[in-house]
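Written below as structure tokens is the structure these notes are about.
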Amino acid sequence: MKKNKLSLFSIPYVIWMALFVVAPIIMVVIYAFTAAPPDGGFTLDNFARMGSYAVVFARSFKLALIATLVCLLIGYPVAYFMAKEGPSFQRVAMMIIMLPMWMNFLLRTYSWMAILEKNGFLNQFFSAIGLFNLINSIFGTDITYFKMIGTSGAVVLGMVYNYLPFMILPIYSVIIKLDHSLLEAARDLGANSAAVFRRVIFPLSLPGILSGVTMVFVPSVSTFAISRMMGGGTQMMLGDLIELQFLGGAYNPYLGSAIALVMMIIVVICMYVMNRFGEGEEEAMLL
Amino acid sequence: MSKKNSVWSRLFMALVFLFLYAPIFLLIIFSFNEGNSSAIWKGFSLKWYGELFQDRLIMQSVYTTLLVSVLATLIATVAGTFASIGFYNMKRRWREPLVTINNIPMMNADIVTGVSLCLLFVAAFGAWNGFVSWMETTYRLTAPRLYQGFGTLLIAHIAFNIPYVILSVSPKLRQMDKNLIDAAQDLGCTWMQAFWKVALPEIKPGIISGMLIAFTMSIDDFVISYFTAGATTSTLAMTIYSMTKKRVSPEINAVSTLLFGAVLLLLVIVNVMEAHQAKQQAKKYS
């Protein structure tokens, strides 16, 4: 087979990419620097206007960072403990972790809505065991439910619940491939298990941590459904802001594009950091 | 890692697994609830399943989801396979930038992909519809106006599926022994025959796994569909989202239970098939 002849197979897809991958991104960039009609023309106003949404930016980063950190604190030990178990346990555990990911994230988020609602499972449970009566009699208050939906904690919970597997799996896949002779060497050279972990296992698992952090942080910072469902409309995030500009009441694709452009830059930075330091990225992407 | 896990670390794992599954199990239990609450048990009933199957909106969106997923998967698998063969045979200088562009939809946040496609469709259709109006007034010629709908949804799904197909076909191409194809041609195959009879069977596992990934991506997608489907077309995920905006309805519990059951069944089938294949392989080489 001639090499050049077969490379022609990709021509339709190259045209496709130009139309539906490159062109849309160019559109976003153009719109981001265009003033809304009737003015039109080049402008930086869309970026300047983002200043009034500083609260939303701050909240997005804060909640996404907290969710990422919580995922790391829960996910790292799980991955580490899993790697120490026998092979059949590992297979089953992998299945257990992957299975919820196959369910749509809206349904997973909805399941928490049903639990945390005002009349939801948890509040009904608390009232059944008499917790509210107890609290009311001690503090002289008059509460009949805990407000959980509509708080930032609920949004973080929704993110952690949805994206925890994205943290566990890349870390696990790096730890499982660690060279055992390195660990033996460290022990032979007198390191106790804490030192082996701190100076050998942890540094070697950094690529997995980085891809896990990226895979949790990027969807968290860009979500709009989770913040809408768990935040009850009070916890607006960057994703909600973009959605409002394109499909919501505040129709303004120019401002929306500018925010989308900022989000693209965030993603590029995350990917750059991950590629720079990480090697576990290829497996991570397949998950 | 020499030491076994302590009881505490096992307990920790168990708690995390419980955290992952408790909400799903509650959802499943309360899908069989007589009452309309997801918190108070009123007795066993299948009435929500009955209502689910009577709900035209949900049934219509299930149909849309399946149709768009199957079509997008088939098209993306064929297109992605050809594209990866093309990329593989390209000079490095050309291949690398193209592969980078190909990776963009996988890397980018879903909302950015969705919004950018939405923008493209709105602008392109706006221009087209304007052109049609102009034709009508000046030349009395008419053409159908275009709006976002099933077509744009399908394009969007194909666009985000192809990269996953390429991602799983390319490694198989690299693993393939290049001499195989030359040998086939030396033995009298045309290059078309060499492609169909030699190259294609070699990369088949990659094509199949790419197809599976593409299908699950399509079924599972919400964000990109949400921005590209327009006002009249709705996938199941979109319908669920609009339902959660109004009131929590146990119908959603029934949907979740059915989907969870389907996924579980699929996973079991895939695992059984893999085990079977591994056994066959072992037999072949022993």
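The values are calculated or read from the model by the stated rules, or taken from the named source; none is laboratory data. Given the structure is predicted, the values throughout are model-derived calculations rather than measurements. Heads up, the Cβs are rebuilt from the backbone with ideal geometry, glycines too, and the neighbour counts pull from every protein chain shown. Ligands, DNA and RNA are excluded from the accessible area calculation, which covers all protein heavy atoms including side chains. Shrake-Rupley method; radii C 1.70, N 1.55, O 1.52, S 1.80 Å.
Tabulated values for the structure
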| quantity | calculated |
| --- | --- |
| Residue selected from the stretch A:25-57 under the condition at pLDDT below 90 and within 14 Å of another protein chain (Cβ to nearest Cβ), by the criterion most open to solvent (accessible area, probe 1.4 Å) | A:PRO37 |
| Subset of the stretch B:158-183 (residues that are part of a helix (DSSP H, G or I), among the hydrophobic types (A, V, I, L, M, F, W, C) and more than 9 Å from chain A (Cβ to nearest Cβ)) | B:PHE160, B:VAL165, B:VAL169, B:LEU173, B:LEU180, B:ALA183 |
| Selection status of A:TYR76, modelled with pLDDT under 90, among the aromatic types (Phe, Trp, Tyr), assigned by TED's automatic domain parsing to the domain that holds A:VAL221 and under 20 Å from the mean Cα position of the chain (by Cα) | no |
| Filter result (open to solvent by less than 20 Å² (accessible area, probe 1.4 Å) and either more than 8 Å from chain A (Cβ to nearest Cβ) or more than 25 Å from A:VAL262 (Cα to Cα) (or both)) within the stretch B:114-124 | B:GLY114, B:PHE121 |
| B:MET192 vs. criteria open to solvent by 10 Å² or more (accessible area, probe 1.4 Å), out of contact with any strand residue (DSSP E or B) (no Cβ under 8 Å at 6 or more places or on another chain) and free of Cβ contacts under 8 Å to residues at least 40 places away in the same chain | yes |
| Residue within the stretch A:98-109 that is at positive phi and in contact with a Ser or Thr (Cβ under 9 Å, 6 or more places away or on another chain) present | no |
| Failed criterion for B:SER218 (all others in (1) in contact (Cβ under 8 Å) with a residue 60 or more places away in the chain; (2) assigned to a helix (DSSP H, G or I); (3) loosely packed, with under 11 Cβ neighbours inside 10 Å hold) | (3) |
| Search result, residues across the stretch B:212-227 that are under 15 Å from the mean Cα position of the chain (by Cα) and at the interface with chain A (Cβ under 10 Å from one of its Cβ atoms) | B:ILE213, B:THR216, B:ILE219, B:ASP220, B:ASP221, B:PHE222, B:VAL223, B:TYR226 |
| Failed item, numbered, when A:VAL22 is tested on (1) farther than 25 Å from A:VAL267 by Cα; (2) open to solvent by less than 60 Å² (accessible area, probe 1.4 Å); (3) not small (Gly, Ala, Ser) | (1) |
| Among (1) more than 8 Å from chain B (Cβ to nearest Cβ); (2) out of contact with any Gly (no Cβ under 7 Å at 6 or more places or on another chain), the one test that A:ALA154 misses | (2) |
| All helices (runs of 4 or more DSSP H) inside the stretch A:52-132 with 3 or more residues being β-branched (Val, Ile, Thr) | A:54-84, A:87-98 |
| Wholly within the stretch B:1-111, helices (runs of 4 or more DSSP H) carrying at least 1 residues that are more than 11 Å from chain A (Cβ to nearest Cβ), of a type outside the set (Ser, Thr, Tyr) and farther than 30 Å from A:PHE81 by Cβ | B:47-54, B:56-88, B:92-107 |
| Enumeration of residues in the stretch B:233-286 that are aromatic (Phe, Trp, Tyr) and under 26 Å from the mean Cα position of the chain (by Cα) | B:TYR241, B:PHE260 |
| Criterion violated by A:LEU134 - all others in (1) within 13 Å of chain B (Cβ to nearest Cβ); (2) open to solvent by 70 Å² or more (accessible area, probe 1.4 Å) satisfied | (1) |
| Count of the stretch A:64-79 residues which are open to solvent by 40 Å² or more (accessible area, probe 1.4 Å) and farther than 23 Å from A:SER222 by Cβ | 0 |
| Residues located in the stretch B:14-27, provided they are within 13 Å of A:ARG108 (Cβ to Cβ) and of a type in the set (Val, Ile, Thr) | B:ILE24 |
| Filter result (assigned to a helix (DSSP H, G or I) and within 7 Å of chain A (Cβ to nearest Cβ)) within the stretch B:231-254 | B:ALA237, B:ILE240, B:TYR241, B:THR244, B:ILE252 |
| Of all residues in the stretch B:1-52 being of a type in the set (Lys, Arg) and farther than 24 Å from A:LEU164 by Cβ, the one that is least open to solvent (accessible area, probe 1.4 Å) | B:LYS47 |
| Meets criteria (at the interface with chain B (Cβ under 7 Å from one of its Cβ atoms), under 20 Å from B:MET243 (Cα atoms) and open to solvent by 20 Å² or more (accessible area, probe 1.4 Å)) for A:TRP112 | yes |
